[in-house]
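Before any comments, here is the structure.
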Amino acid sequence: MSLSAEKAQDIRHNWTVDEAQALLSLPFNDLLFRAQTMHRRYFNPNEVQVSTLLSIKTGACPEDCAYCPQSARYDTGLEKEKLLEVQAVIEKAKAAKAAGSDRFCMGAAWRSPRKKDMPYVLAMVKGVKELGLETCMTLGMLDEEQSQQLAAAGLDYYNHNLDTSPEYYGEIITTRTYSDRLGTLANVRNAGMKVCSGGILGMGESTQDRAGLLVQLANLPTQPDSVPINQLVKVAGTPLESEQDLDPLDFVRVIAAARIMMPASHVRLSAGREQMSEEMQTMCFFAGANSIFYGECLLTTPNPAANKDQALFRKLGINSEHRVTREPESLETLLAVPENDERSLFYNAVQV
């Protein structure tokens, strides 16, 4: 997005935690009014960006992220799977494009990619790009060389979440540091790719931690192009399986604050949408969320079924941005699934 000088003044990199907490503490109507005003300044309020997420390698991750069913440290019933074949990924990308996604995201349960895996990963990027889709990957930590290789292959976005505030981070993850995550984001930026980075709410963090996460994201040298805000999906066998439910209005408040603090970024509703009511999702869109993952699964956790998304967007009069593959159409048309289709844009890696 090319910003005018006037709009560029809205982009700040000197937010404080106190300022972010003040936003989160505003009267709800005032907060949403400010967020909606900022949203309309930068985006069409009745459009969303639609992405599809595919797990290209599932399970056996050596990290100890307390929320993650793919960690090898927890017994969640998820089996280790091999990296999907390149052509299988390309076929799923074709299906995603036909169903209306304009970005295809590929995720692997790695601490970081191994040298022997890179040729396959790079081939996936090139193949998906040839379909006319934007490409995104999340593969764990990247060094400078890996980042440059992915950029040269045509990768548009790289996802690497900060998860929470620096202060609360050690309660959730011990196998990599906050600076490790920031280093990967720096490598991605320096290679010329766009950054996709956000966090997870509902892990027992305080309001100050939520403010701290937003400050870390907003104060990056370049604000993330995409900011996924996840609601914890409690998975049996993980340390957070019994965590207290998050207040829906607290989630909406973070969406609104993210919109105000990062006005030019796409704010994405990510994991946890299956547990969100239509009313909660609607409030999130009003607060400035303008991106979703479409499909029936996000890596290993549920996502709303296709027909539910179609019905909600029809009610709200929301359309897809759909900037990449063809002329804009209604989201209902874009997301229509043929009767003989498997009604999923995802490979079930457990069955590969």
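A short reminder: the numbers here are calculations on the coordinates, not readings from a lab. All values reported here derive from a predicted model rather than from experimental measurement. So basically every Cβ, Gly included, is an ideal-geometry build from the backbone, and we count neighbours across all protein chains shown.
Report the local net charge at Gln21: Lys and Arg +1, Asp and Glu -1, summed over other residues whose C-beta lies under 12 Å from its C-beta.
That works out to -1.
Using a Förster distance of 25 Å, how high is the FRET efficiency between Thr222 and Asp143, based on the Cβ-Cβ distance and rounded to 0.05?
Calculated value: 0.80.
Give, as a single signed number, the net charge of other residues whose beta carbon lies under 15 Å from the beta carbon of Arg34, with Lys and Arg counted +1 and Asp and Glu -1.
+2
If the chain between Asn14 and Leu182 were fully stretched, how many nm would it gain, using 0.36 nm times the residue separation less the Cα-Cα distance?
58.8 nm
Of Gly183, His266, Gln281, whose Cα points farthest to the positive end of the dipole of the range 171-296 (charges on the beta-carbon: +1 Lys, Arg; -1 Asp, Glu; origin at the Cα centre)?
Working it through, the farthest residue towards the positive pole turns out to be Gly183.
So which chymotrypsin sites (Phe, Trp or Tyr not before Pro) in the range 127-201 end up in coil per DSSP with only 15 or fewer other C-beta atoms within 10 Å?
Answer by residue number: there is no such site.
Please give the contour-minus-distance gain from Arg114 to Leu316: 0.36 nm per residue of separation, less the Cα-Cα distance, rounded to one decimal in nm.
68.3 nm
Please arrange Val188, Val86 by counting, for each residue, the other beta carbons lying within 10 Å of its beta carbon, fewest first.
Ascending Cβ contact count within 10 Å gives the list Val86, Val188.
Taking R0 as 25 Å, what's the FRET efficiency between Ala123 and Ala98 from their Cβ-Cβ distance, rounded to 0.05?
Efficiency for this residue pair is about 0.70.
When the chain is fully extended, how far beyond the present Cα-Cα distance does Glu171 get from Asp245, taking 0.36 nm per residue of separation?
This chain segment gains 24.9 nm when fully extended.
Ranked from highest to lowest mean number of other Cβ atoms within 10 Å per residue, what is the order of the peptides 272-280, 132-140, 148-156?
Packing order, densest peptide first, comes out as 132-140, 148-156, 272-280.
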